[in-house]
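**Student:** Just passing along the structure, written as structure tokens.
The values are calculated or read from the model by the stated rules, or taken from the named source; none is laboratory data. None of the values given here were measured: they were computed from a predicted structure. Neighbour counts run over all protein chains shown; Cβ positions are idealised from the backbone, glycine included. Only protein heavy atoms, including side chains, enter the accessible area calculation; ligands, DNA and RNA are left aside. Shrake-Rupley method; radii C 1.70, N 1.55, O 1.52, S 1.80 Å.
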Amino acid sequence: MDLSSYLDELKGSGSLKVVNSPIAVEFDIPLIAHRFSGLGPALLFNNIKGHPGFRAVANIVDTRVKLMMALGASSVEEAYSRLLNAEANPLEPREVSDFPLIRLSEVDLNKLPIPRFFEREPGPCLTSGVVLGLGDYINASFHRLTVIDRDKFVIRLVPRHLYRIFNDNKAKGRDTPIAIVWGIHPAFLIASASSPPYGVSELGVANRLMNGELRVFRLSNGIPVPVDAEVVMEGFILKDAEHDEGPCVDVMGTYDVVRKQPIVKVTSIYVKPNPIVHVLVAGDAENSVLMGFEKEARIWNAVRAVADVKAVRLTRGGGGWLHAIVAIRKTVEGEGKNAILAAFAAHPSLKHVVVVDDDVNVDDLNEVEWAIATRFRADEDLVIIKGVRGSSLDPAAIDQSIGLTTKMGIDATRPLSKDAWRFERAKIPERINVNEIKLE
């Protein structure tokens, strides 16, 4: 289960398009990827200007259909279950003694096709690399990495598990060993975007999702890396060095604030022959799907404890992060508000949630708006929670540095009263097959 095998699957299903013309990785490949984001095909660029031998791929999991293919699931609910089961039952990958990648003779990040995405960003930025960090255990997670020198990145460390590992190592007076994996099967990416409890390695989650096929090789700094990766960078997060990070674009498609952040020193670079790198545009559908799908699964799991949940979506407009729509089959009054509270508890970064009945298609925002227009009354159905921790990705937060914000829930479910017929969507009886009617 490597990236090439997944691309073969996409090709076999008609979901891969190839670009053979020479295209620059600075702005141009990201622009093409952006224009096709969420619209169907993944894109393989066989000719990157200035980087002979490298290829690039984009939009490999920008839809739920592709994500289900990556996880071998036949439905979204099965994909939720597979992911949650992998988090609860991780499987340690098998360590091998041979590493098939080739070590480059020099460390020069400028020779890698690291994209430059947006006009105000300070330089090339790696958004799709998985950072493996060594502390009490091996953590795998996504972090924005901006090139600042031929052998250095500045890394955006959000206060989560790698941040804790870094600070624990720093308190002990040592740098944090890391590896950056760039170009890998999407199941590994999905696992790395998940949030199992501290101490549970995402490598084990990935191996469970990959049916025990993940093999790793231990680098000289102690990090086990997948032998099927396309590019691996070995190095350290320096304990006592910082640099301005940003302004860079985040999942909402807005520029994040500039912060002092730690520096990564890269000591070795390893590549496959003719490697395929992954271009991920911040704020696009692929970013939303990768970041949000595991949170969607957690919301689904939490809401089904308080209501008969039928569907959950972290919406594209909310960056796959800040907005959720939950459909339930309501049996007693109050379940809509219980579902709102369960969703906020399951995904603390969530800002707004709308709960609708199961006759509303959560993927059709017109239907969701219709439910709000016809089944919601603000004096009874609005839930507002002030002064709570949300997401640092929310530019409208009271304090963006910690994500302090106000959250809102909308219960747009119909009342279970004798006059509930007033809230039904009128239907025309389907006595004929409209698709058979010829239009001349």
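**Student:** Please list, ordered by chain and number, the residues whose modelled amide H lies under 5 Å from the amide H of Gln400; skip anything fewer than 5 residues away on the same chain.
**Tutor:** Distant-sequence amide H within range of Gln400: zero hits.
**Student:** Run the simple label-point estimate for Arg425 and Asn20 please: 7 Å along Cα→C-beta, distance reported in nm.
**Tutor:** Label at Arg425, label at Asn20, 4.6 nm between them.
**Student:** Oh, and also: Taking the Cβ of Leu31 as the center, what net charge do the other residues with Cβ under 12 Å away carry, scoring Lys and Arg +1 and Asp and Glu -1?
**Tutor:** Numbers: positive: Arg35, Arg116; negative: Glu26, Asp28, Glu119, Asp284.
Spelling it out: positives minus negatives among the neighbours equals -2.
**Student:** Starting from segment 277-377, pick out the GluC sites (Glu not before Pro) whose DSSP state is loop and whose Cβ has at most 12 other Cβ atoms within 10 Å.
**Tutor:** Answer by residue number: Glu333.
**Student:** Right, something else. Quick check: from the Cα gyration tensor, does the chain come out rounded (a/c under 1.5), prolate or oblate? List each step's numbers first, then the result.
**Tutor:** Working: a/c = 1.90, a/b = 1.54, b/c = 1.24.
In terms of gyration-tensor shape, prolate.
**Student:** Exceeding 22 Å between C-alpha atoms, which entries from my cross-link table qualify? They are Lys260/Lys295; Lys330/Lys418; Lys66/Lys272. Each step should come with its number before you reach the end.
**Tutor:** Working: Lys260/Lys295 28 Å; Lys330/Lys418 15 Å; Lys66/Lys272 24 Å.
Listed pairs above 22 Å: Lys260/Lys295; Lys66/Lys272.
**Student:** To check you understand DSSP bridge types, tell me what percent of the beta bridges within the chain (both residues inside) are antiparallel, rounded to 5.
**Tutor:** On the way: 58 of 81 bridges.
Counting DSSP beta bridges with both partners in the chain, the antiparallel share is about 70 percent.
**Student:** Could you work out the percent of alpha carbon pairs in segment 245-374 separated by over 26 Å, rounded to a whole number? Working shown, then result.
**Tutor:** On the way: 3077 of 8385 pairs.
That fraction is 37 percent.
**Student:** Excluding Gly173 itself, what net charge comes from residues whose Cβ is under 13 Å from its Cβ, given Lys and Arg +1 and Asp and Glu -1?
**Tutor:** Details: positive: Lys170, Lys172, Arg174, Lys239; negative: Asp168, Asp175, Asp240.
Result for the neighbourhood of Gly173: +1.
**Student:** If I take R0 = 60 Å and measure r between the Cβ atoms of Ser195 and Glu436 in this structure, what FRET efficiency does the formula 1/(1 + (r/R0)^6) give, to the nearest 0.05? Spell out each step's value before the answer.
**Tutor:** Details: r = 49 Å, r/R0 = 0.82.
In this case the efficiency is close to 0.75.
**Student:** If you don't mind, another one. What dipole magnitude, in Debye to the nearest 20, does the chain give about its Cα centre under +1 on Lys/Arg Cβ and -1 on Asp/Glu Cβ? Kindly include the intermediate steps, with their values, before the conclusion.
**Tutor:** Details: 52 positive and 57 negative charges, 80 e Å.
It works out to roughly 380 debye.
**Student:** While we're here: Taking springs between alpha-carbon atoms closer than 10 angstrom, which of Val76, Val225, Val61 fluctuates most in the Gaussian network model of the chain?
**Tutor:** Residue with maximal mean-square fluctuation among Val76, Val225, Val61: Val76.
**Student:** Tell me the carbon and sulfur percent of the accessible area for the chain, rounded to whole percent, probe radius 1.4 Å. Please report the intermediate quantities before stating the final value.
**Tutor:** Values: 9940 of 19400 Å².
Percent of accessible area from carbon and sulfur atoms in the chain: 51.
**Student:** For the chain, set up a GNM with springs between Cα atoms under 10 Å and report which of Arg160, Arg103, Arg64 has the largest fluctuation.
**Tutor:** Arg160
**Student:** Here's a follow-up. Setting aside same-chain residues fewer than 8 positions from Lys386, which lysines have a Cα under 21 Å from its Cα?
**Tutor:** Lys337, Lys351, Lys407
**Student:** Sort the following peptides by mean Cβ neighbour count (other Cβ atoms within 10 Å, averaged over residues), highest first: 171-180, 384-393. Please report the intermediate quantities before stating the final value.
**Tutor:** Values: 171-180: 18.2, 384-393: 15.8.
Result, highest mean Cβ count within 10 Å first: 171-180, 384-393.
**Student:** Hull surface divided by four, with the convex hull built on the Cα atoms of segment 263-314: how many nm²? Can you show the working numbers first?
**Tutor:** Numbers: hull surface 27.2 nm².
About 6.8 nm², averaged over all directions.
**Student:** Compute the helix-to-body angle for 76-88: its Cα long axis versus the longest principal axis of the chain, expressed 0 to 90° and rounded to tens.
**Tutor:** Helix 76-88 sits at roughly 50 degrees to that axis.
**Student:** What do the square roots of 5 times the Cα gyration tensor eigenvalues come to for segment 213-275, in whole Å, largest first, as semi-axes of the equivalent ellipsoid?
**Tutor:** Details: eigenvalues 161, 61, 22 Å².
Listed largest to smallest, the semi-axes of segment 213-275 are 28, 17, 10 Å.
**Student:** In square angstrom, what is the accessible area per residue of segment 136-228 with a 1.4 angstrom probe? Write out the running numbers ahead of the final one.
**Tutor:** Working: 2990 Å² over 93 residues.
For segment 136-228, the solvent-accessible area averages 32 Å² per residue.
**Student:** Comparing Asp411, Asp256, Asp364, which has the greatest mean-square fluctuation in the GNM of the chain with Cα pairs linked when under 10 Å apart?
**Tutor:** Answer for the Gaussian network model of the chain: Asp364.
**Student:** Here is a further query. Seen from all sides and averaged, what is the projected area of the convex hull of the Cα atoms in segment 292-440, in nm²?
**Tutor:** Numbers: hull surface 46.5 nm².
Across all orientations, segment 292-440 yields a mean hull projection of 11.6 nm².
**Student:** Based solely on its DSSP helices, what 222 nm [θ] is calculated for the chain when runs of n ≥ 4 H residues each add -39,500 (n - 2.57) and the sum is averaged over all residues, nearest 500 deg cm²/dmol? Kindly include the intermediate steps, with their values, before the conclusion.
**Tutor:** Details: 11 runs with 112 residues, N = 440.
For the chain, the value works out to -7500 deg cm²/dmol.
**Student:** Among 84-95, 350-361, how do they line up from the highest to the lowest mean number of other beta-carbon atoms within 10 Å? The partial results should precede the final answer.
**Tutor:** Numbers: 84-95: 16.2, 350-361: 22.5.
By packing density, highest mean first, the sequence is 350-361, 84-95.
**Student:** Arg316: net charge of surrounding residues, Cβ under 12 Å, Lys/Arg +1, Asp/Glu -1, itself excluded?
**Tutor:** Local net charge: -2.
**Student:** Suppose each label sits 7 Å from its Cα in the direction of the beta carbon; what would the Asp149-Arg164 distance come out to in nanometres?
**Tutor:** 3.1 nm
**Student:** Using the alpha-carbon centroid of each, what span in Å lies between segment 167-228 and segment 301-380?
**Tutor:** The distance from the Cα centre of segment 167-228 to that of segment 301-380 comes to 34 Å.
**Student:** Counting only protein chains, not ligands or nucleic acids, how are Arg377, Arg215 ordered by accessible area (probe 1.4 Å), most first?
**Tutor:** So, going from the largest accessible area down, we get Arg377, Arg215.
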